[in-house]
Amino acid sequence: MLTEKPQNEEEFQQYLMEIRELAEGPFDEMQLEIEVTNKFPDEFYELARKHNLYRFYMPEEYGGWGMSTLLIMKVQEEFSRGPGGMRMHLHHAAGLNWRIMDDFAQPELKEWAMPRFQDKTLFVNFALTEKEAGSGADIRTNARRDGDEWVINGEKTLISHTDCSDGTYLITLTNPEADKDKRLTAFFVPFNTPGYEVVDMPHMMGCRGAGHAGLRFTDCRVPDKYRLGEVGEGLHVAMYSLGLSRLHIADSNLGMAQRMLEISIARAKERITDAARRYDAGEDPMTQASLCKLASIDGVKVVSDNMLEILGGIGYFEECEYGPVERLYRDCRAMWLEEGPPTVQRTTAARGLIDTGGDLWRP
């Protein structure tokens, strides 16, 4: 196991393999319990520290490895092969966790905070989304200036990493009369600030263990030295920080897709089936039945995906006021496999169409 920053390509490839083995080994094993408890064990954080996953992208002046964005993406692709909740945590650790502080904190706060990120002495969640708002300019959580302090009131929802954070990067409304780009201001709010409350939410359908919850602020006071950026610059703080984070999401999808592709190929190489011979002995309606199933699968996929997109984050939880959205989304996936997967249906339909010259209704 590498304990120091890789010095050459061979050592970097060794580190990538180390992270892949961690993701597909210990992390996968831990997830069996996390699926039930919805909480990361202390062992997860210890392993993440041990394998330098809190420091590999941080600047060297703060104890990090100072890797380039290109190299960090390669590392993230490897840990994204593991459980989704852990991927969310480590993706956050590699960017939003410390970048907002580095880019926007005032000198005193930055000097205190930055050295604490490289070993998770400090971990900060990011709170933008609200129940009735989420694009940024439409948020309602507000901060009112009172001398050298700000008084914060409001609620956030669907906030990740609340159970392992020491504070929040909070985007608030400070001037509702201003232009939409100048209405908001960002703050760092420590976890132990009076009036800061974590509100439990139901278990998520996936990415369990990532500490999703709501946040409630009731006359919560923070000093102006905890302001991030200038007054009215909150939307810029949020969007600038999310920009690179969204690149991380794309890279995470690549890692997950690569692992799923490898699993699929391994299964395809080993699977033995006599389905083709059974279908060859069937009757003509098989062609029509297979085509109907293929069309219906495509239909339910589009509908279920659009349903989840329309409902947004609330549709990802087991309990939803609009109905069993999460269960329906999961249950309909069984249709891909019942009575034969799409590959079997295409083979059956193709044979029937070849036999009839493309005429579906010819006996």
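The values are calculated or read from the model by the stated rules, or taken from the named source; none is laboratory data. Every value quoted in this text rests on a predicted model; they were computed, and no experiment measured them. As a convention, Cβ positions derive from the backbone with ideal geometry for all residues, glycine included, and neighbour counts pool all protein chains shown. Please note that ligands, DNA and RNA were not included when accessible areas were found on the heavy atoms of the full protein model with its side chains. Shrake-Rupley method; radii C 1.70, N 1.55, O 1.52, S 1.80 Å.
Brief remarks follow.
- Amide H contacts of residue 201 (H built 1.01 Å from N, under 5 Å, at least 5 apart or other chain): 214
- Shape category assigned to region 9-119 from the gyration tensor of Cα positions, a/c cut at 1.5: oblate
- Ranking of 72, 310 by solvent-accessible surface, largest first: 310, 72 (1.4 Å probe, protein heavy atoms only, all chains present).
- The phi-based Karplus calculation (6.51 cos²θ - 1.76 cosθ + 1.60; θ = phi - 60°) puts the 3J(HN,Hα) values of region 207-224 at 6, 5, x, 7, x, 6, 7, x, 10, 10, 10, 10, 6, 7, 9, 10, x, 4 Hz, whole numbers, x for Gly and Pro.
- Rounded to the nearest 20 debye, the dipole size of the chain about its Cα centre is 500 debye, using +1 on the Cβ of Lys and Arg and -1 on the Cβ of Asp and Glu.
- The distance separating the Cα centre of region 180-195 from that of region 29-87 comes to 27 Å.
- Loop sites by DSSP among the GluC sites (Glu not before Pro) of the chain, restricted to those with at most 14 other Cβ atoms within 10 angstrom, leave 5-131 as the longest stretch without any of them.
- Selected from 243, 167, 195 as most flexible by GNM, with the chain as the system and alpha-carbon contacts under 10 Å: 243
- Relative compactness, region 124-243, computed as alpha-carbon Rg over 2.2 N^0.38 Å: 1.00
- Across region 52-62, coupling constants 3J(HN,Hα) worked out from phi with the 6.51/-1.76/1.60 Karplus curve, θ = phi - 60°, read 6, 7, 9, 10, 5, 10, 6, x, 4, 5, 10 Hz, and Gly and Pro carry x.
- Dipole magnitude for region 145-229: computed about the Cα centre from +1 point charges on Lys and Arg Cβ and -1 point charges on Asp and Glu Cβ, it is near 220 debye.
- DSSP-loop chymotrypsin sites (Phe, Trp or Tyr not before Pro) across region 122-195, with at most 15 other Cβ within 10 angstrom: 191
- Cα-based convex hull volume of region 53-191 per residue, rounded to whole Å³: 128 Å³
- Where the alpha-carbon atoms of the chain are placed on the principal axes, they occupy 86, 52, 35 Å, in descending order.
- Computed over protein heavy atoms with a 1.4 Å probe, the carbon and sulfur contribution to the accessible area of the chain reaches 52%.
- Region 20-67: mean projected area of Cα convex hull, nm²: 3.8 nm²
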